[in-house]
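Visitor: Can you read through this structure? Questions will come right after.
The numbers here are math on the coordinates, done by the rules we state, and not lab data. These numbers come from a predicted model, not from an experiment. Cβ sites come from the backbone with ideal geometry, for glycine too, and all protein chains shown count toward neighbours.
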Amino acid sequence: MITKLFEPITINTMHLANRVVMTAMHLNYTPGGVINDRFIDFYVARARGGAGLIIIGGAEIDDQACGIDFMVSIKDDKYIPGLKRYTDAIHAVGGKTAVQLYMAGAYSFCGLKGLPILAPSEIKSYFTRQTTVAMTVEDIQRVQQDYVSATRRAKEAGFDAVEVIASAGYLISQFLSPKTNKRTDEYGGSLENRMRFGVETIRLVRREAGSDMALIVRVAGNDFVPGSHTNVEARQFAAEVEKAGADLINVTGGWHESRVPQITMDLPQAGFVYLAKGIKEAVSVPVVGCNRINDPFIAEEVLREGVADLVGVARGLITDPEFVNKAKQGRSSEIRRCVACNQRCFDHVFALKPVGCMVNPRAGREAQTEISPTTNPKNIMVIGAGPAGCEFALIAAQRGHKVTVYEKENEIGGQVRWAADPTHKHDFHYIFDYYRVALPKAGVDVKLGIEVTKDLAAKEKPDLIVAATGAAPFKPPIDALNAPHVCQAWDVLQGKVTTGANVVVVGGGSVGLETAILLASKGTISPQQLYFLTLHNAEDPAVLRQLMVKGVKKVTVIEMMPRIAQDVGPSTRWVLLKEIELRGIDVITEAKMEDLTPGKIVYSNANGDNVTIPADTVVLAMGARPENSLAIALEQAGFNVKTLGDANKVGRIGNAIEDAFMLAREI
């Protein structure tokens with residue numbers, strides 16, 4: 001039973017109805033930094049959905065804080081009316097809200113505008129690749145005053161709290177870290193000196209906020225950057241932050257440049273709450289535990305075990321604005337859960353696109369995507385229960401259509417059903433955990449193990465047939481590819497084939513690389529074995545690492561293009577490439593398959609030379625093609641047919657769900 005999650009808590013004078021904090025995220029909804037209806041609608045939906053506290057931002061505190069015009073701004077009084085309009089809207093639905101005061105320091109892109117990039121010392125910025133300017137004492141005092149002025153504006157705009165970000169590698173983190181702080185004055189050298197800028201800033205913000213406004217500080221529990229801070233130093237800083245006046249400490253993982261995954265599905269759920277536990281042991285104020293909490297039962301456990309006092313839920317609330325209400329009402333099974341794909345949230349941030357959600361097509365478009373009842377109910381047959389078929393059926397039924405879904409397999413899920421686990425996308429199963437509950441509730445009749453034919457369609461007489469029959473792997477019409485030692489990546493992922501000791505994967509897209517990782521992991525130790533051997537000190541750590549990553553197969557990937565993983569987003573691509581390297585998978589780019597015979601494959605390299613390498617098994621990962629033959633046959637037989645998802649155009653799950661949602665709104 002979930003109870004602790006819904007206990008109220010008071011932070012300074014701010015009374016929160018529950019322990020769920022929607023942490024700050026860049027959304028790219030606010031060109032010019034000005035609050036608009038899209039931004040307000042997005043957050044009002046989450047406040048109405050029950051989030052205890054919503055933190056917006058980061059909000060740039062001055063011209064050098066960010067350098068990108070899509071972030072919320074609090075750097076001038078002219079932004080106060082828009083911010084006030086936002087806080088009024090949140091308060092009108094019973095919500096509480098804070099604004100994160102943002103100064104990126106070396107991470108700022110203000111150099112693109114010809115402004116100096118301020119940092120504790122002169123370094124080459126990880127993000128901008130430009131050289132920073134070491135801040136003078138006058139610069140320090142001016143920036144601190146910018147924090148103070150931003151706090152004043154936050155009060156005037158009606159915020160319940162302000163949050164100072166001292167994490168993720170931004171300016172305060174840069175002062176804290178010996179990696180980026182090479183100063184020899186009172187702001188550099190010892191840990192006490194390196195903490196000085198952050199502690200002084202927080203003290204000044206506290207003074208400006210007064211006694212009736214909550215002050216939150218977001219800290220990195222571990223920088224996860226070699227040569228920088230661990231949880232040991234983070235505890236010391238947190239203790240000083242409390243003395244400086246913080247009412248709440250919000251603990252996240254490492255810096256943006258960390259080579260330890262922070263938010264991808266590689267990180268176990270609630271994987272960094274142990275960092276909050278370390279901070280909590282050093283302070284007496286409440287602590288927020290964060291990173292990859294998208295399940296109310298996991299959130300409850302974190303609180304119940306005393307690891308943290310509140311939980312941060314960010315992307316989980318993008319995916320389902322009603323996350324909190326559903327959990328409180330005993331409807332946790334109806335929560336549409338975040339799958340940590342990053343495809344339309346963080347990847348969109350990096351591309352300067354508005355943030356959305358792969359599995360929630362309404363995210364960021366709440367006002368434009370209202371679902372209205374139909375005035376012309378239809379009898380609709382949906383063929384295929386993958387993402388497109390399920391989303392269309394759900395929305396169409398919610399609008400009042402009579403919908404029946406036919407799936408030839410004995411389970412819904414399409415490719416996700418068999419591809420999620422072998423590619424380590426376990427959270428993708430949540431997509432269909434949701435549909436299994438939502439479809440029957442909406443009145444959708446789901447018929448499993450039934451293959452649609454023209455005769456069945458003629459018998460049912462639907463007004464509309466929606467074909468969401470998915471895709472099939474592409475196979476070039478080359479006789480040699482029919483050899484027994486050649487197979488499709490899809491067959492490998494489904495466990496249908498046995499591969500040899502030397503495997504060559506043809507195709508360096510996401511499917512090919514994920515299949516290569518699966519094959520390279522054959523013969524490695526399991527997490528359970530690793531735990532046992534580590535617990536009992538049975539093997540040296542170096543030996544354990546080898547046992548984790550080195551399997552029994554030699555795997556090679558050949559790719560025609562100069563670059564692999566071109567279909568993978570920037571926030572996850574580096575993780576995929578890191579694992580390719582760790583597992584010793586050879587990658588050969590600008591390589592075209594020329595010939596293959598049992599035991600070997602011939603490819604031509606960038607110089608046009610033919611190269612022969614061993615290949616007991618050749619795995620094809622050369623893309624997919626729409627599987628729409630049934631749709632064509634039904635249309636030719638006179639039925640009204642629409643195709644959706646991969647059956648229409650091979651793409652990502654988010655495209656399939658969005659297209660299905662939009663079609664269902666129009667039918």
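Visitor: Hey, which lysines would be in cross-link range of Lys75, C-alpha to C-alpha under 25 Å, not counting anything within fewer than 8 residues on its own chain?
Guide: Here the lysines satisfying the reach criterion relative to Lys75 are Lys84, Lys96, Lys113, Lys155, Lys353.
Visitor: How long are the three semi-axes of the equivalent ellipsoid for the range 24-78, computed from the Cα gyration tensor as the root of 5 times each eigenvalue, in whole Å, largest first?
Guide: 22, 11, 9
Visitor: Here's another thing I want to ask about it. Taking H placed 1.01 Å from N in the peptide plane, check which residues at least 5 places from Val505 or on another chain put their amide H under 5 Å from its amide H.
Guide: It is Thr556, Val557, Ile558, Val619, by chain and number.
Visitor: If one computes P(r) from the Cα atoms of the range 4-367, what percent of pairs lie at distances over 30 Å? Mind dumping the intermediate values first?
Guide: Numbers: 19931 of 66066 pairs.
Result for the distance tail: 30 percent.
Visitor: Please give the peptides 364-375, 512-523 ranked by average Cβ packing (other Cβ atoms within 10 Å per residue), highest first, as a rough proxy for protection.
Guide: For the peptides 364-375, 512-523, the packing ranking is 512-523, 364-375.
Visitor: Please state the equivalent ellipsoid semi-axes for the range 557-667: what are the square roots of 5 times the Cα gyration tensor eigenvalues, largest first, in whole Å?
Guide: Computed over the range 557-667, the values are 38, 21, 11 Å.
Visitor: For Ala367, what is the net charge nearby, where nearby means another residue's Cβ is under 10 Å from its Cβ and Lys, Arg count +1, Asp, Glu -1?
Guide: -1
Visitor: Determine the distance separating the Cα centre of the range 533-567 from the Cα centre of the range 603-618; give it in Å without decimals.
Guide: One Cα centre to the other: 23 Å.
Visitor: For the range 165-317, take the alpha-carbon Rg, divide it by the Kirkwood Rh, and send me Rg/Rh.
Guide: Radius of gyration over Kirkwood radius for the range 165-317 works out to 0.97.
Visitor: In which sequence would Glu200, Glu322, Glu666 go, from the one with the fewest C-beta neighbours within 10 Å to the one with the most?
Guide: Listing Glu200, Glu322, Glu666 from fewest to most nearby Cβ atoms yields Glu666, Glu200, Glu322.
Visitor: Here is a follow-up. What does the charge count around Glu334 come to, taking other residues whose C-beta lies under 9 Å from its C-beta (Lys +1, Arg +1, Asp -1, Glu -1)?
Guide: On the way: positive: Lys326, Arg331, Arg336, Lys441; negative: Asp320, Glu322.
Counting the neighbours of Glu334, the net charge comes to +2.
Visitor: Let me ask something else about it. Quick check: Cα centre of the range 344-374 to Cα centre of the range 211-237, how many Å?
Guide: Computed from Cα coordinates, the inter-centre distance equals 32 Å.
Visitor: Would you please calculate the Kirkwood hydrodynamic radius of the chain over all C-alpha pairs and express it in Å, rounded to one decimal? Each step should come with its number before you reach the end.
Guide: Values: mean 1/r = 0.0370 Å⁻¹.
Mean inverse Cα-Cα distance, inverted, gives 27.0 Å.
Visitor: In the range 479-622, what percentage of the DSSP-assigned beta bridges are antiparallel, given to the nearest 5? The partial results should precede the final answer.
Guide: Numbers: 11 of 26 bridges.
Rounded to the nearest five, the antiparallel share is 40 percent.
Visitor: Let me ask something else. Measure out, as a whole number of angstrom, how far apart the alpha-carbon centroids of the range 295-313 and the range 112-138 sit.
Guide: The distance from the Cα centre of the range 295-313 to that of the range 112-138 comes to 38 Å.
Visitor: Give, rounded to the nearest 20 debye, the magnitude of the charge dipole that the chain has about its Cα centre when Lys and Arg contribute +1 at Cβ and Asp and Glu contribute -1 at Cβ.
Guide: Charge dipole of the chain: 620 debye, to the nearest 20.
Visitor: Can you give me the long-range amide H partners of Ile68? Hydrogens built in the peptide plane at 1.01 Å from N, cutoff under 5 Å, separation of 5 or more residues or another chain.
Guide: Here the answer is Phe109, since their amide H atoms fall under 5 Å of that of Ile68.
Visitor: Another question, then. May I ask you to sort Ser121, Ser211 by Cβ crowding, counting other Cβ atoms within 10 Å and putting the fewest first?
Guide: Ser211, Ser121
Visitor: Give me P(r) over the range 479-622, computed from all C-alpha to C-alpha distances, binned every 5 Å, as integer percentages.
Guide: 2, 10, 19, 20, 19, 13, 9, 5, 3, 1, 0
Visitor: Count of lysine pairs in the range 479-622 with Cα atoms under 17 Å apart, counting only pairs 8 or more residues apart in sequence or on different chains?
Guide: Numbers: Lys496/Lys522; Lys522/Lys550; Lys522/Lys553; Lys522/Lys554; Lys550/Lys578; Lys553/Lys600; Lys554/Lys600; Lys592/Lys600.
Close lysine pairs under the 17 Å cut-off: 8.
Visitor: Among bridges DSSP assigns within the chain, what percent are antiparallel (round to 5)?
Guide: Of all bridge pairs located within the chain, approximately 25 percent are antiparallel.
Visitor: In whole Hz, what ³J(HN,Hα) sequence does the range 215-229 give by Karplus (6.51, -1.76, 1.60; θ = phi - 60°), x for Gly and Pro?
Guide: Once rounded to whole Hz, the list reads 10, 10, 10, 9, 10, 8, x, 7, 5, 6, 10, x, x, 10, 8.
Visitor: For Lys402, list the lysines whose Cα falls under 30 Å from its own Cα; do not include residues on the same chain fewer than 8 positions away.
Guide: Once the sequence-local lysines are set aside, what remains near Lys402 is Lys326, Lys378, Lys441, Lys447, Lys454, Lys459, Lys461, Lys642, Lys649.
Visitor: Here is a follow-up. Hey, could you pull the Cα Rg and Dmax for the range 479-534, both in Å?
Guide: Values for the range 479-534 (Cα only, Rg and Dmax): 13.9, 50 Å.
Visitor: Let me ask another. How charged is the neighbourhood of Ala119? Take every other residue with its Cβ under 12 Å from the Cβ of Ala119, and add Lys/Arg as +1 and Asp/Glu as -1.
Guide: On the way: positive: Lys124, Lys179, Lys182, Arg183; negative: Glu122, Asp139.
Surrounding charge for Ala119 is +2.
Visitor: For Arg235, Arg259, what's the fewest-to-most ordering of other Cβ within 10 Å of each Cβ? Write out the running numbers ahead of the final one.
Guide: Details: Arg235 19, Arg259 12.
Result, fewest neighbours first: Arg259, Arg235.
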